[in-house]
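Report on the structure given below.
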Amino acid sequence: MNRQLLTGNAAAAWGARLAQVDYVPAFPITPQTEIIETLARWFERGEMTGRLTMLESEHSMVTAAAAAAATGVRVFTATSSQGLLYAMEMVFTVPGWRAPFVLVNVSRGLASPITLESDHNDVLATRDSGFLQVHCATCQEVLDHVLLAYRIAEDSRVRLPVIVNLDGFTLSFTREPVDLPAAEAVQQFLPPFDPQNVRFRASKPVSQAVAVLAGSPYSYFRYETHLAAQQALSVLDEIAEQFFQAFGRRTGPLATYRSEDADMVFVMIGAGATKACEAADRLREAGVAAGVVRPRWLRPYPAAALRAALAGKKAVAVIDQDLSMGQGGVLHAELAAALYGMPNAPMLASIIGGLGGRNIPPEEFYEIAKRMLGFAARGETPPPQLLFTERELRQVRKLQAIAVVERKELGEKP
Amino acid sequence: MSDAIRRMKDLPSTHLLGTGTPMCAGCGGLEALHQIYDVLGTNTVFVNAAGCMTLLSVYPFTPFRGSWLYTAMACAPAGAQGVRDALDILLTSKRLPPEDDLQTIVLTGDGAAYGMGLSSTSAAIDRNLDFLYICYDNEGYGNTGQQSSPATPHAAQTATNTGSRGFPGYKKDLFGIWAAHRPAYVATVIGAEPLDLAKKIEKAKSLRGPRLILALAPCPTGWDFDPAESVEIGRLAVRSGVWPLKEYIDGKVIHNHVPHPRAPVEEYLKTQGRFAHLFSPERNDALLGEIQAHIDAYWAAVNK
């Protein structure tokens, strides 16, 4: 075992390298760029064999990725934010090709306003595409889940592309100790890609991704993709066990932290959940039985595991680092659907926080826990909360004041 | 090449593309594709963008004996990049025997080739992608009912230009745009001139790198003429100088056929309903003169 300090981006690149990917179609975007630069260096030095091709857009990049996977090679690619959205037509198109590959998304808030730091509206926009998606909270998880993603994507019961998500800045540029598994151990866990019947060769012509002209065949193929995505849940259990045998690290659809005997549970995805774990420790010291449930996989959606983990809790606060305008938190709505009608369901509250890299300090977690337990005790459910402090509002007002002064300076009439 | 195509009797006598496709009767694009496919052969993967010919392969039927991949409107060249890169990787790592290799072909209409797909096309040429791009140019978004595209000729009526002056823009010079990238090969063809077409496909097939075959595709439904006239209209497009048959190779443009004498453009325009407004209810001499002057200027520059 080789332990190194790696950024989340470097861990993603190491995942691709250890998976012995053949092909990397690439396009730069902050905060993902370090991944493709790292891989490009390794290809140039001959430390990886195959090819990295710079495309001219993410739309073309995802097309090339899926086309290469459909030709029979193992493919890795990466993007962020606007790039993922620029590719969105193809993100929705290629899962139906049933040509598996792995795309790492380094989450970053979406325009407008344009920004660089993390939230999850980018990756959640792919929710209904047919890509599976897994969310990582540590650099180790990034590396591990790139390897796991290939096993699940390529499994004959699944055959779907997978997005491995990590948070921009908080994880992409943070160095953590990462165990790099030995190449031989990875090769045993992840054998070479078997393209099965999805490949192009002269001796066996195939037509891929053809049109249908009616709702019935269309529904048939859409249902097949959906059922394959659902089937990935049991495949995941199997492969997670093999992963544990091979590398000694547990994984699964959910990560739970002190939630078994908790009264109050924070539900979050990604690196932000590590702050919730820290807050839970402090809350426990103060006598509040707090815990954290962190879904790793959102597609397939682990509804049964979430019901089991949250049954009997007094209060559950979903902290969404995303915002569906006019509706609220995406994860909250999904969890509400999963828990609806369940006996001994907890009070379920929606909190929006951490947009565009906005920090959620420990005090806010403490306050959320206190208030949510209060609502639960009164048998009430609070309206959705948008985290924003008076101090932040004052800072925005200062920016606005500068803008007004500068306008006046330019002689513009108010 | 010993079996080089020199005369009509050298053209392939076996026809590879299946029949019974949903293309319109008299489709000039399908006419060209039949001939192209006979020369290219079946060791091909056609990477297609949204357009009329997307309907060639509707589950579970295809007229192709080789392979096919539909992508989307903007990105067929990127699909070809992924396929070509993957084939190269498989060949290099000896996971694919050389005899299983495929020619990577992009097949799109003018909407993708002149417009939405131009960025991915330009980038594929920049990367010196080894592929053959076939554009069937029916001078409008034919599959959706012939709205104007960047390939629509000046003054033609379209579903979005129904007035007496027709389309106000000018047909974009895709040949010139390709040639400016200094690719391996660019050629214009038309199904109505099968010998010229076959020679060019044979030449394109012998080369490596980015290659474009730009086929004018007379379109009975979009241009409004009787399907039986398709071949004759194609010949008139060449005779009138509207569609120059030319090649770009080794940095030079060669005109394969300089029509002499050139038929007046009117003869070509009169065959198609999309230009009927130039002749009735009254003759539009100004617009007809402008169209003829454009063609004369083109050929004056060629003959200089």
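The values are calculated or read from the model by the stated rules, or taken from the named source; none is laboratory data. Source: prediction; values computed, not measured. Here Cβ is always computed from backbone atoms with ideal geometry, including for glycine, and neighbour counts include all displayed protein chains. Each accessible area value is taken on the protein alone, full model and side chains, heavy atoms only, with ligands, DNA and RNA left out. Shrake-Rupley method; radii C 1.70, N 1.55, O 1.52, S 1.80 Å.
Counting Cβ atoms of other protein chains within 10 Å of each Cβ in A:51-61 and taking the mean gives 6.
Taking only DSSP H segments of four or more residues, each worth -39500 (n - 2.57), what value at 222 nm results for the protein assembly as shown once the sum is divided by all its residues, to the nearest 500 deg cm²/dmol?
Working: 22 runs with 270 residues, N = 718.
Helix-only estimate at 222 nm: -11500 deg cm²/dmol.
Positive end of the dipole of segment A:255-391 (Cβ unit charges, origin at the Cα centre): among A:304, A:361, A:274, the Cα lying farthest that way belongs to A:304. If you wrap the tightest convex hull around every Cα atom of chain A and split its volume per residue, you get 186 Å³.
List the relative contact order of chain B as a percent without decimals, with contacts defined as Cα pairs under 8 Å and 6+ residues apart. Don't jump to the answer; show the numbers that get you there.
On the way: 583 pairs, mean separation 52.8, N = 304.
This gives 17 percent for chain B.
What angle, in degrees between 0 and 90 and rounded to the nearest 10, separates the Cα long axis of helix A:139-154 from the longest principal axis of the Cα atoms of chain A? Orientation of helix A:139-154: about 50 degrees from the principal axis. Projected onto their three principal axes, the Cα atoms of the protein assembly as shown cover extents of 99, 70, 49 Å, largest first.
Roughly how many percent of the accessible protein surface of chain A is carbon and sulfur, given a 1.4 Å probe and a whole-percent answer? Intermediate values should be presented prior to the final figure.
On the way: 9400 of 17560 Å².
It is 54 percent, rounded to a whole number.
Per Stokes-Einstein, at 20 °C and 1.002 mPa s, what whole-number D in µm² s⁻¹ belongs to segment B:130-208, with the Kirkwood radius over Cα pairs as the hydrodynamic radius? Display every interim value, and only then the final one.
Details: Rh = 14.4 Å.
Value of D from the Cα-based Kirkwood radius: 149 µm²/s.
Using C-alpha pairs under 8 Å with a sequence gap of at least 6, the mean separation divided by the residue count of segment A:255-391 gives a relative contact order of 25 percent. On the principal axes of its alpha-carbon atoms, segment A:255-391 has extents of 41, 36, 28 Å, going from largest to smallest. With contacts taken as Cα pairs under 8 Å at a separation of at least 6 residues, chain A carries a relative contact order of 15 percent.
How much length is gained on full extension from residue A:413 to residue A:179, taking 0.36 nm per residue of separation minus their Cα-Cα distance? Working shown, then result.
Numbers: separation 234, 0.36 × 234 = 84.24 nm, distance 6.10 nm.
Gain on stretching residue A:413 to residue A:179: 78.1 nm.
Antiparallel beta bridges, as assigned by DSSP with both residues in the protein assembly as shown, represent about 25 percent of the total such bridges.
Roughly what % antiparallel, to the nearest 5, for the DSSP beta bridges in segment A:255-391?
So the antiparallel bridges in segment A:255-391 amount to around 20 percent.
Each part reduced to its alpha carbon centroid, segment A:377-409 and segment B:129-147 end up 52 Å apart. Under 28 Å between alpha carbons: how many lysine pairs meet that in chain A, if sequence neighbours fewer than 8 apart on the same chain are excluded? Summing the qualifying lysine pairs gives 7.
Shape analysis of segment A:140-207 yields a ratio of the Cα radius of gyration to the Kirkwood radius, Rg/Rh, of 1.10. Rounded to the nearest 10 degrees, the inclination of helix B:76-92 to the longest alpha-carbon principal axis of chain B is 20 degrees. The separation of segment A:94-124 from segment A:342-373, counted between C-alpha centres, amounts to 24 Å.
Please go through segment B:250-281 and write out the chymotrypsin sites (Phe, Trp or Tyr not before Pro) that DSSP classes as loop and that have at most 14 other C-beta atoms within 10 Å.
Values: sites: B:268, B:275, B:279; in loops: B:279.
Listed in order of number, the matching sites are B:279.
Checking every one of the chymotrypsin sites (Phe, Trp or Tyr not before Pro) in segment A:326-405 against DSSP loop status and a limit of 12 other Cβ atoms within 10 Å picks out A:340. For segment A:133-194, the per residue solvent-accessible surface stands at 29 Å², with DNA, RNA and ligands left out and a 1.4 Å probe.
What fraction, in whole percent, of alpha-carbon pairs in segment A:2-247 exceed 34 Å separation? Don't jump to the answer; show the numbers that get you there.
Numbers: 3249 of 30135 pairs.
Percent of Cα pairs beyond 34 Å in segment A:2-247: 11.
Computed over all pairs of different Cα atoms, the Kirkwood value for the hydrodynamic radius of segment B:135-277 is 15.8 Å.
Kirkwood's formula applied to the C-alpha pairs of segment A:345-414 gives a hydrodynamic radius of 15.0 angstrom.
Counting GluC sites (Glu not before Pro) as exposed when in a DSSP loop with at most 14 other beta carbons within 10 Å, what is the longest stretch of chain A free of them?
Within chain A, the longest run free of exposed GluC sites (Glu not before Pro) spans A:48-259.
Calculate how steeply helix A:8-18 sits against the longest principal axis of the alpha-carbon atoms of chain A, using the helix alpha-carbon long axis, and give the answer as 0 to 90 degrees to the nearest 10. That helix lies at roughly 20 degrees to the long axis.
Out of segment A:164-244, which trypsin sites (Lys or Arg not before Pro) are coil in DSSP terms and have no more than 15 other C-beta atoms within 10 Å? It would help to have the intermediate numbers written out before the result.
Numbers: sites: A:175, A:199, A:201, A:222; in loops: A:175, A:199, A:201.
The qualifying sites are A:175.
By the Cα gyration tensor, chain B has an equivalent ellipsoid whose semi-axes, rounded to whole angstrom, run 32, 21, 19 from largest to smallest. The Cβ shell under 9 Å around residue B:272 holds other residues with a net charge of 0, Lys and Arg each +1, Asp and Glu each -1. Taken per residue, the accessible surface of segment A:255-391 reaches 44 Å², heavy atoms only and a 1.4 Å probe.
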